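Derivation of every value follows stated rules applied to the coordinates shown; laboratory data play no part. Keep in mind the model is a prediction, meaning the values are calculated, not measured. Neighbour counts are summed over all protein chains in view; Cβ atoms, including those assigned to glycine, are modelled from backbone coordinates with ideal geometry.
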Amino acid sequence: MSTPSPAASTPALTVGLLGGGTVGSGVVHLLAEHAEEIAIRVGARLEVGPVVVRDLDKPRDLAAGTLTDDPAAVVDDAAVDLVVEVMGGVEPACAYITAALERGASVVTANKELIAGHGTALRALARDKGARLEYEAAVAGSIPIIKPLRESLAGDRVRKVLGILNGTTNYILTRMTEEGMGFDEALAEAQALGYAEADPSADVDGHDAASKAAILAGLAFDAEVVASDVTVEGIRGVTATDIAHAARMGYLVKLLAIAEERDGQVGVRVHPALVPRAHPLGSVRESYNAVFVEAEAADELMFYGRGAGSLPTASAVVGDIVTAARALRSGERPANGSAVARKPIAPFAEVWGQHSILLDVADQPGVLAAIAQTFGDHGVSIKSVWQEGGGEAAQLLLITHPARQGAVAATLGSLRDLDVVRDVASVIRVEGGEV
Ligand code: NAP
Ligand code: HSE
């Protein structure tokens, strides 16, 4: 069945873009390619107006719109009904979005850094001005997760969110696990495939995932959470040995973003973690992203898909454009949203979790007893122990029961002081339950 054509008399709305790069060109393409369906869904045609770029001479593939290097053509011109910010960075993007909202224009953005730092103020401004601020693409690209947390789960209580929110690091860890590839080689592949940020340290050191985690935590727990509230550790320290030990125990190493609320405190962190191979997040390979939500009534949910790329990200942006355009057509006021409060952020030392600890040890009588005693002294319970190798190459791999991060840190300090422990070779947290 073909799509019915919108009536010739269908009114038009003008969409202006700040940015015409990877995501911007995808947005322009989708608005042209899906124009008829979108016009029917909105009750108005969406026409691409000015597209602001930095370099007018750069060759680019834009299906519609008028290129300009003057941001005022989008930000200040009342003829632009909807403003789409896909230029990235905090400034001048924040100033442009603020100006557009000030004149009452609704804004759609894909900018995680900006929303993680200034989301609360921008949402308040949008509400005051009767405009919408939508940002589905800012977290996990194509995956619908902002609207599900904000709207579909609004009657539930979210307990915990676990996310694979960075495609570059998931790709690197997948290649290291499945192909035995080194970190540098896998990163070079991820860059060649266009997954990595311009500066890949934002990916591998966990900061890209931290911005996304802050946004999800804020929505899940009605809290104001900014990127600097997130405890971050990237994947540079993950070794082939960690991955091999994890595999032998039935785990995979993943870079996880974790947000939970406990005793009125919100804890948000990004770090490598062992995830049971059979956990739904264990099936998330290569550059794919996923968000696993544990909610009181809904129980467990998983949202999976492409976290980046021109058309996948544009799909989420255009979905938001349709939302904003429908509201403009119907005259609907933006919803009040949550009364967001600054909740206490749990210090990392107070966060509970299981840990996998690899120790280089002397292979002699009494070593295991001394190590077990040290864990006991700090109130950290051991769940399982394996010995690998012997003599000078002896290693002990221990998995703890859930314990406070602070108690585990103190245990590690005492273990380092034991004569029989040559080195604490690695410490990786364990998430997602039992293998
Ligand atoms: P990009 O390819 O680098 O495109 C950025 C665009 O903005 C370019 O057209 C650039 O102009 C323009 N621009 C940048 N700074 C400008 C300035 N000061 N004044 C005028 N124009 C400016 O970036 P992108 O990958 O499309 O990402 C855009 C946003 O989407 C970012 O916030 C990013 O985090 C987010 N995002 C991207 C993806 C993805 O897969 N790429 C996924 C999810 C979210 P020139 O073309 O002239 O340089
Ligand atoms: N560099 C990011 C990633 C792109 O690898 O997931 C989307 O933010």
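I need the calculated FRET efficiency for the pair ARG236 and THR98, taking r as the beta carbon distance and R₀ as 30 Å, to the nearest 0.05.
0.25
Taking the Cβ of ARG404 as the centre, find all other residues whose Cβ is under 15 Å away and add up their charges (Lys, Arg: +1; Asp, Glu: -1).
So the environment of ARG404 carries a net charge of -1.
In whole Hz, with x marking every Gly and Pro, tabulate ³J(HN,Hα) for the stretch 182-192 from phi via Karplus 6.51 cos²θ - 1.76 cosθ + 1.60, θ = phi - 60°.
Coupling constants for the stretch 182-192: x, 4, 5, 5, 5, 5, 4, 5, 4, 5, 5 Hz.
If packing is taken as the average count of other Cβ atoms within 10 Å, what order do 393-405, 135-147 fall into, highest mean first?
For the peptides 393-405, 135-147, the packing ranking is 135-147, 393-405.
Could you state the number of Å between the C-alpha centres of the stretch 287-322 and the stretch 33-101?
24 Å
Hey, could you get me the Stokes-Einstein D for the stretch 343-435, Kirkwood radius over alpha-carbon pairs, 4 °C and 1.567 mPa s, rounded to whole µm² s⁻¹?
My calculation gives 95 µm²/s for D.
From Cα pairs below 8 angstrom and at least 6 apart in sequence, can you work out the relative contact order of the chain, rounded to a whole percent?
Taking the mean separation of contacting Cα pairs over the length of the chain, I get 16 percent.
In degrees between 0 and 90, to the nearest 10, how far off the longest principal axis of the chain does helix 367-377 point, with axes built from Cα atoms?
Its long axis makes an angle of about 60 degrees.
Please tell me the relative contact order of the stretch 348-430 in percent, rounded to the nearest whole number, where contacts are Cα pairs under 8 Å and at least six residues apart.
48 percent
Under the Kirkwood approximation for Rh and a Cα-based Rg, what ratio Rg/Rh is obtained for the chain?
Numbers: Rg = 24.3 Å, Rh = 23.3 Å.
My calculation of the ratio gives 1.04.
Run the reach check for LYS58 against lysines, Cα to Cα strictly under 25 Å, same-chain hits fewer than 8 apart removed. What comes back?
none
Could you work out how far helix 93-102 tilts from the main Cα principal axis of the chain, as a 0 to 90 degree angle to the nearest 10?
50 degrees
Excluding residues on the same chain fewer than 8 positions from LYS254, give the lysines whose Cα lies under 19 Å from its Cα.
LYS160, LYS212
How tilted is helix 310-330 with respect to the longest principal axis of the chain? Cα atoms for both, answer in degrees (0 to 90, nearest 10).
Tilt relative to the chain: about 50 degrees.
Using 0.36 nm per residue, how much length does the chain from MET249 to GLU286 gain when fully extended, once their Cα-Cα distance is taken away?
11.2 nm
For the stretch 208-225 and the stretch 391-435, what is the separation of their C-alpha centers, rounded to whole Å?
Using only Cα atoms to place each centre, the spacing works out to 30 Å.
Please work out the Cα convex hull volume for the stretch 150-306 and give it in Å³ per residue.
It comes to 115 Å³ per residue, whole-number rounded.
Taking every DSSP beta bridge that has both residues in the chain, what percent is antiparallel when rounded to the nearest 5?
Around 65 percent of the beta bridges assigned by DSSP in the chain are antiparallel ones.
Peptides 266-273, 17-24: what's the order by average Cβ count within 10 Å, highest mean first?
Going by the mean number of other Cβ atoms within 10 Å, highest first, we get 266-273, 17-24.
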